[in-house]
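Please read the structure below before turning to the comments.
The values are calculated or read from the model by the stated rules, or taken from the named source; none is laboratory data. Everything numeric in this text was worked out from a predicted model, so none of it was measured. Here the Cβ positions follow ideal geometry from the backbone for every residue, glycine too, while neighbour counts run over all protein chains shown. Heads up: the accessible areas ignore ligands, DNA and RNA and are worked out on the full protein's heavy atoms, side chains in. Shrake-Rupley method; radii C 1.70, N 1.55, O 1.52, S 1.80 Å.
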Amino acid sequence: EQSQAFKCPSIAYQLVGSKKVQQYLAEDGVLEKFLDSEEDCRNLRKCFASLWALDDPEEPQTKQVIEHAKMNPHLYVLKPQREGGGNNLYDGDLVKALEEEPDLSAYILMQRIVAPIRKSFLLRNGECVEADTLSELGIYGVYLSDNGREIINQCSGALVRTKLASSNEGGVTAGFACLSTPLLH
């Protein structure tokens, strides 16, 4: 990253969003390299979904979690190291990949996040439809630095995506989800 051009995001921030780096950050002792407070590390870990690398399917702990995932696929999602939606494997497709894929090292097995289902009204293709839905809140931030000196680091907005509870995909532009607003109490 020797260029003087603006990088958005920087290589470091692009890598932090990768599945492999997220899996690494969830391992014991890793957050402690970046944070001084053990309490902060504990609090952050409470927000993490469990993640497992599949580099060595014969390693005992990995073998155990693979067997559990095959018996309980509704509790897991198999994520390839790819950008964009539509690549994650669920349920029967997850089991098939765990049984048949010759090289699982390009995947991360992740605990499936089970969000509460709510009745909602969606405007899709000009029609208002009532359905069981799930929503995902995304918080966005702006970070600008110069040679490691922080200039801006702040929250810059939020986005709520709402999709049918029956859908495994969630992309708005792909037609699986709608933009929504949070209901604040």
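Only the Cβ atoms of Lys and Arg (+1) and of Asp and Glu (-1) were treated as charged; on that basis the dipole of segment 43-147 about its Cα centre amounts to roughly 560 debye. The trypsin sites (Lys or Arg not before Pro) of segment 1-39 meeting both criteria, a DSSP state outside H, G, I, E and B (loop) and at most 16 other C-beta atoms within 10 angstrom of the site's C-beta, are Lys7. The HN-Hα couplings worked out from phi for segment 24-41 by the Karplus form 6.51 cos²θ - 1.76 cosθ + 1.60 (θ = phi - 60°) are 5, 5, 7, 6, 4, x, 7, 4, 4, 6, 10, 10, 7, 8, 5, 5, 4, 4 Hz, whole numbers, x standing for Gly and Pro. Of the cross-linked pairs Lys119/Lys163; Lys20/Lys79; Lys79/Lys163; Lys70/Lys163; Lys19/Lys46; Lys79/Lys119, those separated by over 21 Å at the C-alpha level are Lys70/Lys163; Lys79/Lys119. Accessible-area rank, largest first, for His74, His68: His74, His68, with all protein chains present and a 1.4 angstrom probe. Dividing the convex hull volume of the alpha-carbon atoms in segment 1-118 by its residue count gives 172 Å³ per residue. Note on Arg82: accessible area approximately 140 square angstrom, rounded to 10, probe 1.4 Å, nucleic acids and ligands left out. Farthest toward the positive end of the dipole of the chain, out of Gln23, Gly170, Ser50, is the Cα of Gly170, where the dipole comes from beta carbon charges about the Cα centre.
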